[in-house]
Amino acid sequence: MKASYAISIVGGGSRYTPGILRMLVAEKGRFPLRKITLYDNEAERQDKVGAYGKILFQEYYPECEIIVTNDAKTAFEDINFAFMQIRAGRMKMREMDEKIALRHGCLGQETCGAGGFAYGMRSIPAVCDIIKDIRKYSPEAWVLNYSNPAAIVAEATKRIFKDDFRIINICDMPIGIMGFYAKALGKRPDEIEPRYFGLNHFGWFTQILDKKTGEDYLPRLHEFFKTPMAAVGDLHPTDKSWMDTFKFMSKMIQDYEDYLPNTYLQYYLYPKHIVEHEDSNYTRANEVMDGPEKKTFAMLDEVIAEGKLKGTKYEPKPDELADGHAGYIVDLATAIANNTGDVFLCMTENTGIISNLTEGMMVEVPCHVGINGVEPLNIGEIPTFQKGLLENQFAYEKLTVDACLEGSYKKAWNALTLNRCVNDTDVAKAILDDYFEVNKEYWPELK
């Protein structure tokens, strides 16, 4: 009989948590659980998610206990895994990040632009304090973190927790793109495997391999994406910003033919174009709040009012239990628990993996994952163009972490100046000062 596990979902009130809970139900055969704890500092949101979760588990997974708490000891004692997905400041601060930067003519995008800096300064202390609590109550637990901005958080956790190999920083975005590629190829996502290098939200697919035959589908995908896709809505959720993003891939691929870019590279390579097409009064944060966020919590309210899922319009069919965002973190936990050695894109310290990049950089590359953590595949040397971009981005991320941990105004200013979406000393200072005013509750004091 397989062992059963106890997990804590940190950010239990997130709009993503219902999808994770459904995925855990779908995967109970290969990743059996005895206990799930939801942990959040916003009781009202988490109570709704928790009530939904208890209905779901009562009907589909009664053998697994589900606990809702805002107490760290209750959440983290005697657990095997912590799934971390917090958003310090939530969507309202994301909205401010985006709109303040746009007022200065720059992108405030939540991971790439100036907004990624502001968000990183909020996330570092929040994530690290939680990991310290996890380590206090469950020293051997695996911490699977995909709180954004993941690259900045990964750089901070590397420094603070040093050789703790049970902290793995991941992002579901490359896997989301892989799902998109699979649909374009008429394949299942588990039939293809990526080769990829970069930093989080800043990388390139070099091969898309068929797991059985070894065929590289990159040339076929190049041709597919070279023309703006009329059928993009059939391949990806139809939020306007995501529709625009995937249509814009055709330009990136025509301009940069060597690899397939991560979609986020549009913000770094074409910041002027993106700013010109942004609505400064209605940003991506507004789109999320008015769309997926509102829809998820409306669903929760209806299910709670019904007191059941079975027999209602929200009863999940077997093929609807799976969730792409949730699936990645569950697959990763399963690989660790079962020591499968499956390949995932993870963030890990560069120890010669990319031979011509700075040692110690937290690169995102394919890794075998099992009971000993991540074992990265060797990438070798990368071209000068990509090296230059990555070294600049790493310097920005490193200075952001320095600024947060040291309380350094100068390093914060230097970081924003290096950000390719800002790239101006005076504008960087103006943005920094505006961000500091609205982030006093979250940021360390800067001197």
(request) Would you please name the residue that is nearest to the chain's Cα centre (by Cα), looking only at residues in region 1-28 that are open to solvent by 10 Å² or more (accessible area, probe 1.4 Å) and under 17 Å from ASN80 (Cα atoms)? (result) GLU27
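Suppose we keep only residues that are in a loop (DSSP other than H, G, I, E, B) and within 21 Å of the chain's Cα centre (by Cα) within region 252-288. Which one would you say is farthest from ARG103 (Cα to Cα)?
Here is the first cut: in region 252-288, the ones in a loop (DSSP other than H, G, I, E, B) are 256-259, 262-264, 270, 277-283.
With the extra rule that they be within 21 Å of the chain's Cα centre (by Cα), the set shrinks to 262-264, 283.
Values: ASN262: 27, THR263: 24, TYR264: 21, THR283: 12 Å.
Per the stated criteria, the residue is ASN262.
Go through region 126-148 and give me each residue that's at pLDDT 95 or above and under 30 Å from TYR282 (Cβ atoms). Break it down stepwise before answering.
Looking only at region 126-148, we keep the residues that are at pLDDT 95 or above, and these are 126-144.
Across region 126-148, the qualifying residues are ALA126, VAL127.
Keeping to region 99-115, report how many residues are touching a residue at least 40 places away in the same chain (Cβ under 8 Å) and under 18 Å from the mean Cα position of the chain (by Cα). Steps first, please.
Step one: list which residues in region 99-115 are touching a residue at least 40 places away in the same chain (Cβ under 8 Å), which gives 99-114.
Filter once more, keeping what is under 18 Å from the mean Cα position of the chain (by Cα): 108-114.
Of the residues in that region, 7 qualify.
Considering only residues that are more than 14 Å from GLU59 (Cβ to Cβ) and out of contact with any Ser or Thr (no Cβ under 9 Å at 6 or more places or on another chain), which ones fall in region 297-309?
Residues of region 297-309 more than 14 Å from GLU59 (Cβ to Cβ): 297-302, 305.
Answer for region 297-309, where residues must be more than 14 Å from GLU59 (Cβ to Cβ) and out of contact with any Ser or Thr (no Cβ under 9 Å at 6 or more places or on another chain): PHE297, ALA298, MET299, LEU300, ASP301, ALA305.
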(request) Under 7 Å between Cβ atoms, at least 6 apart or on separate chains: pull out the pairs that start in region 252-280 with a residue that is more than 15 Å from PRO383 (Cβ to Cβ) and in contact (Cβ under 8 Å) with a residue 60 or more places away in the chain and end on any residue that is hydrophobic (A, V, I, L, M, F, W, C) and part of a strand (DSSP E or B). (result) ASN262/PHE202; ASN262/TRP204; TYR264/PHE202; TYR268/PHE202
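Sort out which residues of region 275-290 are under 22 Å from ASN423 (Cβ atoms) and buried (at least 16 other Cβ atoms within 10 Å of the Cβ), and write them in order of number. Walk me through how you get there before you give the answer.
Initial filter on region 275-290 (under 22 Å from ASN423 (Cβ atoms)): 275-278, 280, 283-284.
Of everything in region 275-290, those that are under 22 Å from ASN423 (Cβ atoms) and buried (at least 16 other Cβ atoms within 10 Å of the Cβ) turn out to be VAL275, GLU278, THR283, ARG284.
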(message) Every residue in region 89-137 that is hydrophobic (A, V, I, L, M, F, W, C) and within 24 Å of PHE165 (Cα to Cα), please.
(response) MET121, ILE124, ALA126, VAL127, CYS128, ILE130, ILE131, ILE134
(message) Can you list the strands (runs of 3 or more DSSP E) lying wholly within region 332-447 that have 2 or more residues being surrounded by 14 or more Cβ atoms within 10 Å (Cβ to Cβ) and in contact with a Gly (Cβ under 6 Å, 6 or more places away or on another chain)?
(response) 362-370
(request) Those residues that are touching a Lys or Arg at 6+ places or on another chain (Cβ under 7 Å) and in contact (Cβ under 8 Å) with a residue 24 or more places away in the chain, I need them from region 206-226; list them, please. (result) THR206
(message) Exactly one condition in (1) more than 30 Å from TYR61 (Cα to Cα); (2) in contact (Cβ under 8 Å) with a residue 12 or more places away in the chain is false for PRO316; which is it?
(response) (1)
(request) Being at pLDDT 95 or above, of a type in the set (D, E, K, R) and over 26 Å from the mean Cα position of the chain (by Cα) is the filter here, so list the residues in region 294-311 that pass it. (result) ASP301, GLU302, GLU306, LYS308
(message) Of the residues MET178, MET249, MET243, only one is in a helix (DSSP H, G or I), modelled with pLDDT under 90 and open to solvent by 30 Å² or more (accessible area, probe 1.4 Å); which?
(response) MET243
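Residue by residue through region 291-304, note down the ones that are open to solvent by less than 90 Å² (accessible area, probe 1.4 Å) and either in contact with a Cys (Cβ under 9 Å, 6 or more places away or on another chain) or closer than 14 Å to LYS48 by Cα (or both). Walk me through how you get there before you give the answer.
At the first step, the residues of region 291-304 found to be open to solvent by less than 90 Å² (accessible area, probe 1.4 Å) are 291-293, 296-304.
Within region 291-304, GLU293, THR296, PHE297, ALA298, MET299, LEU300, ASP301, GLU302, VAL303, ILE304 qualify.
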(request) Inspect all residues belonging to region 35-44 and state whether any of them is of a type outside the set (A, V, I, L, M) and part of a helix (DSSP H, G or I). (result) yes
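The values are calculated or read from the model by the stated rules, or taken from the named source; none is laboratory data. Keep in mind that this is a model prediction, so the values were computed, not measured. In this analysis, Cβ positions are derived from the backbone assuming ideal geometry, glycine residues included, and neighbour counts consider all displayed protein chains. Heads up: the accessible areas ignore ligands, DNA and RNA and are worked out on the full protein's heavy atoms, side chains in. Shrake-Rupley method; radii C 1.70, N 1.55, O 1.52, S 1.80 Å.
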